[in-house]
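Enquirer: Take a look at this one; I'll ask things after.
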Amino acid sequence: YPSELLMQKITEDNQIPVHIHVSVSLQYVAGLKGRALVEFFHSNIAEVENEELRHLMWSSVLFYKTPSVEVMACVLLSTKAIYFLLDDSFIHADEHQSDFWYKENSDCDNSSFHLSCCFVLKLNDLQSVNVGLFDQYFRITGHSADHIVTCLTRDSYNTHTFIQQLMAVLSLLARTPSPEPVDKDFYSEFGSKNTGKMENYELIHSSRVKFIYPNEEEIGDLAFLVAEKMDGLTNLPSLNILLYVLAFQVNHFEGSAQNTSSLQPKTLILTSSDLFLFDEDYISYPLPEFAKEPPKRDKYQLADGRRIRDLDRVLMGYQTYPQALTFVFDDVQNQDLMQNLTLDHFGE
C-alpha cells in the first residue's frame, strides 16, 4: 500500500467538475497527484495511523441539519471512515449552525493560510445507505441527525462505484455477529397484516449496514404527483416518466463588471407530453428513525412545467460534459388557441 493501480485511479478521480467554483484550499487538494495525494491524506486527514485510503470522489453534498445549503466536497473513503473535505465558504454560509460546526481557527481568516473543514463519519457508526432514483444520489445515515449526509453525484456511474467500494471496505470491519433469528410460530408468521405497500428493496450487508434501493412504486408515486400538477390535462394510465435527472437551472445575471450565472439545483422530469422542473428534498426522505415529525416541505415541489407541444427549439452548447441545454418555448399565455373558437366568429 499504496499500489500503483490505486494511485493512478485516485489521481484520475481527483478532478473538480468544471462548472463548480471552489475555494483555494480545495483547489490545492485537486492539484495533488499520486503519492503526494496519499501522503496529504495521512498527514492531514487520517485519524488512525494504519488506515488506508481506498477511494476518492468529488461530489456536491447536503447535510440533514442544513438541508438548503449544497456544497462541493472531496469525499475520501478509507478503511476506517468517510471523510468530507468541505469548501470553507460553507461554514460561513450558515452561521446559525454554529453548534454543528466548531469554528476554532477564525484567526486564520486574514492570513495566507487556507483552512478547510473536514466532516468525519466513522464506518462503525454507519447504519444505512439509501440510493436515490436512477442512482443520481445516495444518502448515508449514521446514529443521529448530525450524521446524515447526501451525496448528489448526479451520475449513476460515480454512485455505483462509491457503493461498491464502500461495501468492500465494510467487509473488512470486524463487527459482532447479529443475534440468531428467533423461530416464528404459525400465528406470527401468517397473521401479520399486509399493508399492501411494497417495502423498498433492502440489502443487509455482512457488516449489518442496510443498503436500501427504491422500488417501482416510487416511480408510480412520482407519476401520480406529476399528473396532479398537470391539472388533469392527461389521463394517468398513459403517463410515462421518460427521464428523471438531477440538473442545474442556470440563472444569468448581467452585471456591470462581468456577467455571472448561478446554478440552482433542480430535478428535471420528462413525460411524453410535458417537461417539469421540481425542487426536491434529497435528504429528509425516507424519514430517519429518530425523526419526531415530518419535514417542513414536501419531497417534490413544482418549480416550472411546460408542454412539449409548446417547445419551439432546443439550443445545445459545444462545451464538454456537463452539457448545457436551452429550451425555448412559445410564449403564449393561452395554452389552447382553438379552445374558445365557435362558428359565430365566422359570421353568418
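The values are calculated or read from the model by the stated rules, or taken from the named source; none is laboratory data. The model shown is predicted, which means the values in this text are computed figures rather than measured ones. In this analysis, Cβ positions are derived from the backbone assuming ideal geometry, glycine residues included, and neighbour counts consider all displayed protein chains. In case anyone asks, the SASA skips ligands and DNA or RNA and just uses the protein heavy atoms, side chains included. Shrake-Rupley method; radii C 1.70, N 1.55, O 1.52, S 1.80 Å.
Enquirer: Residues of the stretch 68-109 being hydroxyl-bearing (S, T, Y), open to solvent by 30 Å² or more (accessible area, probe 1.4 Å) and at pLDDT 70 or above, which ones?
Expert: S68
Enquirer: Quick check on this structure: which one of F329, F278, F346 is farther than 29 Å from Y157 by Cβ and at pLDDT 90 or above?
Expert: It is F329.
Matching residues to (1) of a type in the set (G, A, S); (2) closer than 30 Å to S261 by Cα; (3) in contact with a Leu (Cβ under 7 Å, 6 or more places away or on another chain):
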| site | (1), (2), (3) |
| --- | --- |
| Q8 | no, no, no |
| H21 | no, yes, no |
| Q27 | no, yes, no |
| G31 | yes, yes, no |
| L37 | no, no, no |
| V48 | no, no, no |
| S59 | yes, yes, yes |
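Enquirer: Within the stretch 199-250, count every residue that is modelled with pLDDT of 85 or more, part of a strand (DSSP E or B) and under 22 Å from D135 (Cα atoms).
Expert: Adding up the residues that qualify gives 15.
Enquirer: Can you say whether S273 is modelled with pLDDT under 90, open to solvent by 60 Å² or more (accessible area, probe 1.4 Å) and not aromatic (F, W, Y), as far as the supplied structure shows?
Expert: No.
Enquirer: Go through the stretch 272-301 and give me each residue that's more than 23 Å from V61 (Cβ to Cβ) and touching a strand residue (DSSP E or B) at 6+ places or on another chain (Cβ under 6 Å).
Expert: Across the stretch 272-301, the qualifying residues are D274, L275, F276.
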